[in-house]
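Engineer: Would you mind keeping the following structure in view while I ask a few things?
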Amino acid sequence: MILETVLEADFCQNNYGYRPNKSPHHALAEVRRSILRGMTTVIDVDLTAYFDNVKHHILLKQVSRRFQDDKIMRLLKSMLKSTGKKGVPQGGPLSPLLSNLYLTRIDWMFEKARIQTQENGYDEINYHRWADDIVILINSHQSKEWIVAKAKKRLKEELNNLHVTLNQEKTHEAYLDKQESFSYLGFNFRKTVGRNGKSFVLMIPKKNAQIKVRKKIKETIMNNRFLSMKDIIKFINPILTGWVNYYRVGHSSKVFSNIRDYVEKCIRRLLVFTMLQSRVSLLIKFLKL
C-alpha cells in the first residue's frame with residue numbers, strides 16, 4: 001500500500017493497468033477517441049514473455065529513486081529472488097505494481113512525443129498501455145510518416161535498454177483508413193461508415209474471447225451435470241455476467257445473442273440427456289422386476 005501510494009505519483013496518464021480508478025474500459029475509450037481524432041495508423045505492439053524478463057537490477061534501481069529505505073529494498077530483493085535474476089513472481093501482491101513501474105520510462109517518452117508533435121493543439125500521436133498491452137496511434141497523413149518511423153525506432157531502443165524483447169511476428173502496423181483492423185484488450189477495432197454516412201469505430205469481441213467463454217460454459221455444465229438445473233444455472237450466471245459486463249462497451253449485441261443461443265443449446269442437450277438417463281433407469285428397474 002505504501003509503495004503504490006508513492007509510485008502512483010510517477011505514473012503517466014497513458015498507463016491504465018493495475019492502477020486506482022483506472023480500468024481496461026478507460027484504455028479502450030481512449031483508443032477509440034484517438035482513432036476518431038484521425039490517428040488511424042496503428043502500431044500494435046507485442047512483447048515476448050514480458051513478466052518473465054523483467055531485470056531485477058533495473059527494477060530495484062527504479063524503486064530506489066523513490067525509497068532510500070534499506071529494509072524495504074532488502075524485502076523487495078528477497079521477494080524477487082524466487083524468480084531468479086529476472087521476472088516478477090506471478091500472482092504476487094507486488095507483481096502488478098512492479099511490472100507497471102518497469103515500463104514507466106516508455107510511457108513518459110511517448111507522452112513527451114505527443115506534446116512535441118502537436119499542431120494547433122491537435123495530437124498527431126498517442127500511446128496507450130494496459131500492463132504489457134501497448135498500442136501506438138499516429139495521424140495517417142503522408143506528412144506524418146516520419147513519426148511512424150521515429151516511434152518504432154525509439155520504442156525498440158528503449159525496450160533494448162530494459163532488456164525487453166519485441167515480438168516481431170506479432171507486432172504489426174494496421175491502417176484503419178484502408179479497412180484494416182487490430183486487436184486490443186479483447187476487442188477487434190475497425191473504422192467503418194454508418195448508415196448516416198459518418199465514420200465510427202466498430203469494437204467487436206475477439207473470436208478467441210468468444211471461444212474461451214463458450215468453452216468455459218461447456219466445461220461448467222459438464223462438470224456439474226449431475227446437479228439440479230437450478231444449481232447449474234447458479235454456476236453459469238456469474239460467468240455470463242462477468243463476460244457481458246466487460247464486453248458491453250463495444251458493439252457486442254450480435255455476439256451476446258450468439259452466446260445466449262449457445263447456452264440455451266447446451267442446456268437443452270443436458271435436459272435431453274437427463275431425460276433419457278431417467279428413462280433408461282426406469283427401464284432397467286422394470287426389466288429387473
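The values are calculated or read from the model by the stated rules, or taken from the named source; none is laboratory data. Keep in mind that what you see is a predicted model, and the values were worked out from it rather than measured. All Cβ positions, glycine included, derive from the backbone under ideal geometry; neighbour counts span all protein chains shown. Just so you know, the surface numbers come from the protein's heavy atoms only, side chains and all, with ligands and any DNA or RNA stripped out. Shrake-Rupley method; radii C 1.70, N 1.55, O 1.52, S 1.80 Å.
Engineer: For the chain, what's the relative contact order in percent, using C-alpha pairs closer than 8 Å and at least 6 residues apart?
Structural biologist: Relative contact order here is 21 percent.
Engineer: Hey, what do the phi angles of the stretch 183-195 turn into as Karplus ³J(HN,Hα) couplings, whole Hz, using 6.51/-1.76/1.60 and θ = phi - 60°, x for Gly and Pro?
Structural biologist: Whole-Hz 3J(HN,Hα) from phi for the stretch 183-195: 10, 7, 6, x, 10, 9, 9, 8, 8, 9, 10, x, 5.
Engineer: Going by accessible area, probe 1.4 Å, with all protein chains left in place, what is the ranking of 256, 189, largest first?
Structural biologist: My answer, sorted largest first, is 256, 189.
Engineer: Regarding the stretch 118-229, what's the average projected area of the Cα-atom convex hull, expressed in nm²?
Structural biologist: 12.3
Engineer: Moving on to the next point. Give, rounded to the nearest 20 debye, the magnitude of the charge dipole that the stretch 94-249 has about its Cα centre when Lys and Arg contribute +1 at Cβ and Asp and Glu contribute -1 at Cβ.
Structural biologist: That gives a dipole near 840 debye.
Engineer: For the stretch 170-245, state the average projected area of the convex hull of the C-alpha atoms over all orientations, rounded to one decimal in nm².
Structural biologist: The directionally averaged projection comes out at 7.4 nm².
Engineer: 222 nm [θ] for the chain, helices only, -39500 (n - 2.57) per DSSP H run of 4+, per residue, to 500?
Structural biologist: Mean residue ellipticity, 222 nm, calculated: -17000 deg cm²/dmol.
Engineer: Over the stretch 132-289, what relative contact order in percent results from Cα pairs under 8 Å that are six or more residues apart?
Structural biologist: Contact order relative to length: 14 percent.
Engineer: Just to be sure I understand: if I project the alpha-carbon convex hull of the chain onto a plane and average over all orientations, what area do I get in nm²?
Structural biologist: The number I arrive at for the chain is 22.1 nm².
Engineer: If ligands, DNA and RNA are left out, what is the accessible area of residue 246 with a 1.4 Å probe, given in Å² to the nearest 10?
Structural biologist: Residue 246 exposes around 60 Å² with every protein chain in place.
Engineer: Give me the percent of Cα-Cα pairs in the stretch 133-194 that sit more than 13 Å apart, rounded to a whole number.
Structural biologist: 71
Engineer: Using protein chains only and a probe of 1.4 angstrom, how many square angstrom of residue 231 are accessible, to the nearest 10?
Structural biologist: 60
Engineer: In the stretch 1-137, if every C-alpha pair distance is counted and binned at 10 Å from zero, what percent goes to each bin?
Structural biologist: Calculated over all Cα pairs of the stretch 1-137, the distribution is 11, 39, 31, 15, 4, 0 percent.
Engineer: Under unit Cβ charges (Lys, Arg +1; Asp, Glu -1), what dipole magnitude, rounded to 20 debye, does the chain have relative to its Cα centre?
Structural biologist: 1400
Engineer: Right, something else. Tell me which residues come under 5 Å, amide H to amide H, from residue 251 once H is placed; ignore anything under 5 positions away on its chain.
Structural biologist: The answer is 203, 204.
Engineer: Could the peptides 71-82, 203-214 be put in order, highest first, of the mean number of other beta-carbon atoms found within 10 Å of their residues?
Structural biologist: Ranking the peptides 71-82, 203-214 by packing returns 203-214, 71-82.
Engineer: Per residue of the stretch 227-241, in order, report the coupling 6.51 cos²θ - 1.76 cosθ + 1.60 (Karplus, θ = phi - 60°) as ³J(HN,Hα) in whole Hz, putting x for Gly and Pro.
Structural biologist: 8, 6, 4, 4, 5, 4, 4, 5, 7, 6, 4, x, 5, 5, 4
Engineer: To the nearest 10 Å², what's residue 241's accessible area with a 1.4 Å probe?
Structural biologist: Approximately 80 Å² of residue 241 is accessible to the 1.4 Å probe.
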